[in-house]
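What follows is a set of notes on a single structure, which appears directly below.
The values are calculated or read from the model by the stated rules, or taken from the named source; none is laboratory data. As the structure is a computational prediction, the values presented were derived from the model and not from experiment. Virtual Cβ from ideal backbone geometry, glycine too; neighbours counted across all protein chains shown.
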Amino acid sequence: TALPGTHPLAAGLTSGSPLVRALRGDRPETLPVWFMRQAGRSLPEYRELRVGTAMLDACLDPALASEITLQPVRRHGVDAGIFFSDIVVPIKLAGVDVEIVPGRGPVLGSPIRSAADVDALGQLDPSALAPITEAVRRTVAELGSTPLIGFAGAPFTLAAYLVEGGPSKDHIRARTLMHADPETWSRLLAWAADVSGAFLRAQVLAGASAAQLFDSWVGSLSRADYLEHVAPHSDRALSHVADLGVPRIHFGVGSGEVLHDMTTLGGERVVVDGVGVDWRIPLDEAVRRVGTGVTVQGNIDPAMLSAPWQVLEDHVRDVVRCGGAARAHVVNLGHGVPPETDPAVITRVVELVHSLGSGRDAG
Ligand code: CP3
């Protein structure tokens, strides 16, 4: 591996952690659990720190980004940190005019819709990633044997924002470009793959022990379009960390139709270590689709977090029971923590999961 000897995984600090073991296919004595969007508005300490700082400015402030990453690990006792940043950070660093509008999401100054728009995209200067590297270094120094997960946006999800210019429901403009001008589409996705890939690689080299690619909006694609117009670019993004030997997780929402393809990226073999599953299909069904050559991650329904405790507890036990069909299971939500979630509930879910042993004996 090309990891520096001081990297937490190379140095043996995180290699025996439940998260890394589970991603490598092992069943640790305790199931690992973490939550997408565990950092953020559900935490009062986060809301306090963020007062007066715009989202993307917070992402580029190493002390702030590191502290926000650590908050949920300290509070909930989760088995991993997820680096506090955003999928649009690298495209901003590459010169795209993008902001994150509170309550809405990423919004672009001018959408990318033509061949000329794609030609005009700038490259990501590696030195622009210095605040990311610095934030990750500080974070892993505090985390010790708890692994940090680095992440990036998948090319399709990024293109959904780049072409639409902001959040949208069915990504119709993006999918239209894909069919109307496949050559421009392909260049746009290759650009996004390399920018995201460089962002992911910087996090891993600076100390992240796993890498997750978020294809949040993959559910708006047909399987045929996914295979032809998207999967090769996701493969390209993940290839940026392929030589580093860290476990790689691929996550999507509404991904049932393409779940298997997300593990093979269109090829013959499983090429990722973990696949994230949303709340729409039970994990035993997910295992029927992906086989036992990959670890499954998920899939507590985020809507359950505000249900009465007994309803939530039964659901978590059921998720763990269904996850028993997989070679290994990383417990998570099917998507992010809703901002209105009571953080005490999250802590209680962590305690419950940790009381269920390896998951196989949960009944
Ligand atoms: O704890 C974590 O999971 C780490 C941090 C993280 C954020 N964004 C912080 C954030 C991660 C992994 C992301 C990824 C991200 N960003 C995705 C993929 C994951 C997913 O949720 O599907 C997507 C699609 C985005 C784009 C984006 N950024 C959206 C849709 C939003 C929400 C807008 C809103 O205000 O509701 C953001 C903003 C954002 N990213 C926030 C956080 C904590 C909220 C900012 C705030 O505090 O106001």
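Among the residues making up the range 90-149, those that are of a type in the set (Lys, Arg) and over 19 Å from VAL204 (Cβ atoms) are LYS92, ARG104, ARG113. The set of residues in the range 319-361 being within 15 Å of PRO18 (Cβ to Cβ) and touching a helix residue (DSSP H, G or I) at 6+ places or on another chain (Cβ under 8 Å) consists of VAL320, GLY323, ALA326, ALA328, HIS329, VAL330, VAL331, VAL350, VAL353, LEU356, GLY359.
To keep it simple, each residue is scored yes or no on (1) at pLDDT below 95; (2) within 19 Å of ILE346 (Cα to Cα); (3) of a type outside the set (A, V, I, L, M, F, W, C).
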| site | (1), (2), (3) |
| --- | --- |
| THR6 | no, no, yes |
| ALA10 | no, no, no |
| VAL20 | no, no, no |
| GLY25 | no, no, yes |
| LEU43 | no, yes, no |
| VAL51 | no, no, no |
| ILE68 | no, yes, no |
| GLY77 | no, yes, yes |
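Applying the condition of being near the ligand (Cβ under 8 Å from one of its atoms) and touching a residue at least 40 places away in the same chain (Cβ under 8 Å) to the range 31-47 and asking which residue is farthest from ILE82 (Cα to Cα) yields ARG41. Meeting the requirement of 2 or more residues that are buried (at least 23 other Cβ atoms within 10 Å of the Cβ) and not polar (S, T, N, Q), the strands (runs of 3 or more DSSP E) wholly within the range 71-154 are 148-153.
Only one of the numbered conditions (1) near the ligand (Cβ under 9 Å from one of its atoms); (2) within 17 Å of ALA206 (Cα to Cα); (3) part of a helix (DSSP H, G or I) is not met by GLU67, and that is (1).
Taking the range 313-354, which residues are within 23 Å of ILE82 (Cβ to Cβ) and assigned to a loop (DSSP other than H, G, I, E, B)? Correct list: ALA326, ARG327, ALA328, GLY334, HIS335, GLY336, VAL337, PRO338, PRO339, GLU340, THR341, ASP342. Is there a residue being crowded, with 19+ Cβ neighbours inside 10 Å and either of a type in the set (D, E, K, R) or over 21 Å from the mean Cα position of the chain (by Cα) (or both) anywhere in the range 164-171? Yes: the range 164-171 contains one or more residues that are crowded, with 19+ Cβ neighbours inside 10 Å and either of a type in the set (D, E, K, R) or over 21 Å from the mean Cα position of the chain (by Cα) (or both).
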